[in-house]
Amino acid sequence: MADKILMNKNTLAALKIELKGYRTALPVFEMKEQQLKEVITTIETAVERLEEAIETANNEIKEWAAVMAEPIMSLEKLVSVKELKSTTREIAGVIIEQFVDIEFEESNVDLYETPLWVDTAIQSSKDQTTNYEILKLELKNLENVREELAEARRMKNALKEVFIPETQHNIRKIEIYLGDVERLAIGCAKLVKKKKQVKSEVV
């Protein structure tokens, strides 16, 4: 808001309209901030569960990691992500991406030459990959929501600490000025009237 303002009734009316708009917007950003904080809590909980599941699976895999380390085959060559399906929805102005399904592409496996543990290893690889992909989505969502929350807080604080106080201050300043002008005009009118009366009495 400019430091210099026109001290007239038009400016006063415009400032009152602005103030009304600011006061209307403030609770909107306050509510948005609360919604985004709740979304962040939900996503953080999901991220924590996924990280725990991944860690648990990694620990289980370590039990037969020595067997998998044998130079027989590479699991990466046996199974890979073919397609990741997701959908989007909007929450408090933020686009959230949600996991729907994941499709894997598997190589043909010779059941006679493949060790028995490979089936279990492939399934574990699928589960881990699925969790990693969901985790990536959630972390990206978390980043986007945090950015939106920061922006909502900036707007809320700007309204509360800058726009509303400054507008109120300028309204009071103009009202005082216009009041002074009005009183001065009334005083001048009375003085002119009194001089006319004195002049008429003299005549």
**Prompt:** If you take the beta carbon distance between Lys9 and Ala158 as r and set R0 to 30 Å, what does 1/(1 + (r/R0)^6) give as a FRET efficiency, to the nearest 0.05?
**Reply:** 0.65
**When each of Lys9/Lys156; Lys16/Lys160; Lys37/Lys160; Lys37/Lys136; Lys9/Lys160; Lys82/Lys140 is checked by Cα-Cα distance, pairs over 27 Å** = Lys9/Lys156
**Fill in**
Expressed in nanometres to one decimal, the distance between label points 7 Å along Cα→Cβ at Ala46 and Arg23 is 3.9
**Asked** Which parts of the stretch 76-102 would a label at Asn108 reach, counting a residue when its backbone N lies under 16 Å from a point 7 Å out along Cα-to-Cβ?
**Response** 78-79
**Spin-label model distance (nm) - Asp101 vs Ile54, 7 Å beyond Cα toward Cβ** = 2.4
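No lab work stands behind these numbers, since they all come straight from the coordinates. On a predicted model such as this, the values are computed, not experimentally measured, just so you know. Positions of Cβ are generated from backbone atoms using ideal geometry, with glycine treated the same way; all protein chains shown enter the neighbour counts.
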